[in-house]
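Take a look at the structure set out below.
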Amino acid sequence: MNCHDFSFASASLKALGSGALWWPDEALLCISDLHLGKSERVARRSGQSLPPYETHDTLTRLAADLAHSNARIVVCLGDSFDDLTAAAALPDDIRLWITRLQAGRRWIWIEGNHDPGPLEFGGEHLQELTVGPLTFRHIAAPDAQGEVSGHYHPKADLQARGRRISRPAFLCDSNRLILPAYGTYTGGLRSHSDVLGRLMQPKALAILTGPVPTCIPMPR
């Protein structure tokens, strides 16, 4: 797997180029903000048609990460579905695919602001989860320690060979780790935004996703 190795809250972690977080010692794969069914939700609410392939693309990448890692635990950090109606509208073949991905694994759906409450999918449905030194939740909490969250879809810019590259990014400091959005069609919030600037400590790092995950000081 293409990855960047780093330590957070005494845990040895890998930021994968796909945007997933891999914790080898716990055989735990963490992903955030899949937003499955977004094209259906956009069409329903605005009438705008998007190519309805984002769910297939997202699940294809997830299936590859699961095959490479052989994860025993999967934590989905909320907003796994674009809303509850979009979740209910997923076709049978997609629902079966999700069921197959869950087989033989402990699968945890963390509540998000787009998908609160229980869903008719297998696995556990929790507000947050603590494993060893890490606590997994959807939205970063004030004064958190050892927190892994999502929600903000962070992106960061990098100057390379005279051009600017913008990619989804992990943001990490001594207290918190914010994952990039994993889903297709998710967009992002730049790391120099006020809200991320207030959340992250001055010496925070950004790990840009992509074929060669790259760690840089968080752009502000």
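Considering only beta bridges that DSSP places wholly inside the chain, some 60 percent are antiparallel.
Listed values for the range 211-220 are Karplus-derived 3J(HN,Hα) couplings in whole Hz (6.51 cos²θ - 1.76 cosθ + 1.60, θ = phi - 60°), namely x, 10, x, 10, 9, 9, x, 4, x, 10, and x replaces Gly and Pro. Database remark: amide H of His125 closer than 5 angstrom to the amide H of Trp109 (H placed geometrically; neighbours at sequence offset of 5 or more, or on other chains; Pro and chain starts carry no H). Based on C-alpha pairs under 8 angstrom that are at least 6 apart in sequence, the range 3-217 has a relative contact order of 22 percent. In whole percent, how big is the carbon plus sulfur part of the accessible area of the chain, probe 1.4 Å, protein atoms only? In the chain, the share of accessible area belonging to carbon and sulfur is 51 percent.
Remark on Leu34: its backbone amide H falls under 5 Å from those of Ser80, Tyr182, Gly183, a criterion applied only to residues 5 or more positions apart or on other chains, H modelled at 1.01 Å from N. The GluC sites (Glu not before Pro) of the range 76-127 meeting both criteria, a DSSP state outside H, G, I, E and B (loop) and at most 16 other C-beta atoms within 10 angstrom of the site's C-beta, are Glu120. Evaluated with a Cβ-only charge set (Lys, Arg +1; Asp, Glu -1), the chain carries a dipole of roughly 780 debye about its Cα centre, given to the nearest 20. For Ile165, neighbours were defined as the other residues whose beta-carbon sits under 11 Å from its Cβ, and their charges (Lys and Arg +1, Asp and Glu -1) total +4. Using the Cβ of Met200 as centre and a radius below 11 Å, the other residues enclosed give a net charge of +3, where K and R count +1 and D and E count -1.
When the Gaussian network model of the chain links Cα atoms closer than 10 Å, the mean-square fluctuations of Val75, Val131, Val148 top out at Val131. As I understand it, the dipole of the range 97-156 uses +1 on the Cβ of Lys and Arg and -1 on the Cβ of Asp and Glu, about the Cα centre. Which of Ala156, Leu129, Ala140 lies farthest toward its positive end? About the Cα centre, the residue reaching furthest to the positive side is Ala156. Each principal axis of the chain carries a Cα extent, and these read 45, 39, 33 Å when sorted largest first. His56 exposes around 110 Å² of accessible area when a 1.4 Å probe is run over every protein chain in place. Count Lys and Arg as plus one, Asp and Glu as minus one, and take only other residues whose Cβ is under 13 Å from that of Ala144; the net charge is then -2.
The values are calculated or read from the model by the stated rules, or taken from the named source; none is laboratory data. Every value quoted in this text rests on a predicted model; they were computed, and no experiment measured them. Note that we place each Cβ from the backbone using ideal geometry, even for glycine, and neighbour counts take in every protein chain shown. With ligands, DNA and RNA removed, areas are computed over all heavy atoms of the protein, side chains included. Shrake-Rupley method; radii C 1.70, N 1.55, O 1.52, S 1.80 Å.
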